[in-house]
1. Would you mind counting up the charge near K123? Only other residues with Cβ under 12 Å from its Cβ, with Lys and Arg at +1 and Asp and Glu at -1.
2. Roughly what % antiparallel, to the nearest 5, for the DSSP beta bridges in the chain?
3. Where the centroid of each part is defined by its Cα atoms, how far is the range 347-405 from the range 287-315 in Å?
4. Residue separation times 0.36 nm, minus the C-alpha to C-alpha distance between K369 and E5: what's the value?
5. Applying the Karplus parametrisation 6.51 cos²θ - 1.76 cosθ + 1.60 with θ = phi - 60° to the phi angles of the range 165-182, what ³J(HN,Hα) value in whole Hz is obtained for each residue in order, glycine and proline being reported as x?
6. In the structure displayed, which of K123/K296; K296/K372; K188/K329; K123/K188 lie more than 29 Å apart, Cα to Cα?
7. Ignoring everything except DSSP H segments at least 4 long, calculate the 222 nm mean residue ellipticity for the chain; use -39,500 (n - 2.57) per segment, divide by total residues, nearest 500.
8. Keeping every protein chain in place, order Y245, Y28 by accessible area at 1.4 Å, biggest value first, i.e. largest first.
Amino acid sequence: MNILEIIEKKTKGYELTKEEIEYFVNGYTTGEIADYQAAALVMAIFIKGMSDQETTDLTLSMANSGDILDLSTLGGIIVDKHSTGGVGDKVSLVLLPIISSLGVKVAKMSGRGLGFTGGTIDKLEAIPGYRTEITEGEFIDNVKEIGISIISQTKNLAPADKKIYALRDSISCVESIPLIASSIMSKKIASGAQKIMLEVTYGKGAFMKTIEDAKKLAEQMVRIGKLANRETNYILTNMNEPLGYSVGNSLEIIETIQFLKGEVLPEDLKKVVLELGANMIKLAGFGDNIEENKTKMLENIKNGKAYQKFLQMVQRQGGDVTYIENIEKFGKAKYVEPMLSKVSGIIKELPANAIAKYVCDLGAGRVKKEDKIDMQVGIVLNKKVGDKIEEGEKILTVYSNKPVEIPTDLVVIE
Ligand code: URA
């Protein structure tokens, strides 16, 4: 077997065998296959596509290129969750303590953000002391003892995906459904998931711009899950406006705390959290009735169990719980400026992409991997799409550590 034959076969549109896919993934990861040869094959896949079997073989081969986390000692069914990303997306932070408080084991590895705002791990690091990089042993012990741990992805998780993803990015081949699906699923499988719940986002603040493409991607991942023996389900989420009210790292932690205490439950965030959580409870074997599962989740917000679970997780990972108990301790950015409406009307759009770009410019996200994040900055929406607004009323509030200039494209009012 050699790489030239494999490139030629895919260029002509034929299906690759499992052995050929493994030969490519292993050879490229070890450096035996050159970047230009891998680029030719990736481009051929981008143009000709891949069958479900090829996509699954690629997924498993990338998952097996590094460590596969063994979560079998935890007992029970480990259900992982993945979101294809959004703006103001604090879903994992809210959802996971709730389902953990209902007995579902949560062993979650999350990523950092690049572009847009921070990822779940960056947000958790807004809590002073919270250790996101702990050993695998400590991670498993935490789940055994308190039922939940959220940490940063370990370094050797699907290294082939890391290399192929960087290559795709450099040759404009990111937007291919089989390549995106295998990239996501390889990391889920490597992090020990037995079942997988996906949130595929669409709209201005998402990878997939239309609901049709989001559905295609979701269904491709469900088919990979089936062939790879990992039951997978999904929901589709509109990401045209940010989820909830806050965008920015410590601001989203504050919103998470308020949600878990039952103080502020934005409708859009609540809907996503309940839908994903109810499905995860079902996949974990804790209840087949989705509506009953949602009711149980709401009960554990009301009776304080979900909030207590979050506190327990923060404490266990070394975080300073006095910040959770008193959100004033997070401190405010130097400049706090409202954006006031110049007209009366209805909020037609709060474009997630424009808001994300602005919040990233304030310092809440990274443009390069090495960039340092400013935890305090971001925006809090005072209105959501569909709300009425009067002239002079607040649309949103900016938190910044540099003098504030608010662009006009953050809102459309009619
Ligand atoms: N997220 C991933 O993990 N991989 C992709 O290819 C695209 C988005």
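1. For residues surrounding K123, the net value is -3.
2. The antiparallel proportion sits near 45 percent.
3. Computed from Cα coordinates, the inter-centre distance equals 30 Å.
4. 127.5 nm is the gain from fully extending K369 to E5.
5. So the Karplus estimates, Gly and Pro as x, are 4, 4, 5, 4, 4, 7, 10, 6, 10, 6, 7, 10, 4, x, 6, 5, 4, 5 Hz.
6. From the list (K123/K296; K296/K372; K188/K329; K123/K188), the Cα-Cα distance tops 29 Å for K296/K372; K188/K329.
7. Here the helix-only value at 222 nm equals -13500 deg cm²/dmol.
8. Heavy-atom accessible area, descending, gives Y245, Y28.
The values are calculated or read from the model by the stated rules, or taken from the named source; none is laboratory data. Everything numeric in this text was worked out from a predicted model, so none of it was measured. In this analysis, Cβ positions are derived from the backbone assuming ideal geometry, glycine residues included, and neighbour counts consider all displayed protein chains. The accessibility values were calculated without ligands, DNA or RNA, using every heavy atom of the protein model including side chains. Shrake-Rupley method; radii C 1.70, N 1.55, O 1.52, S 1.80 Å.
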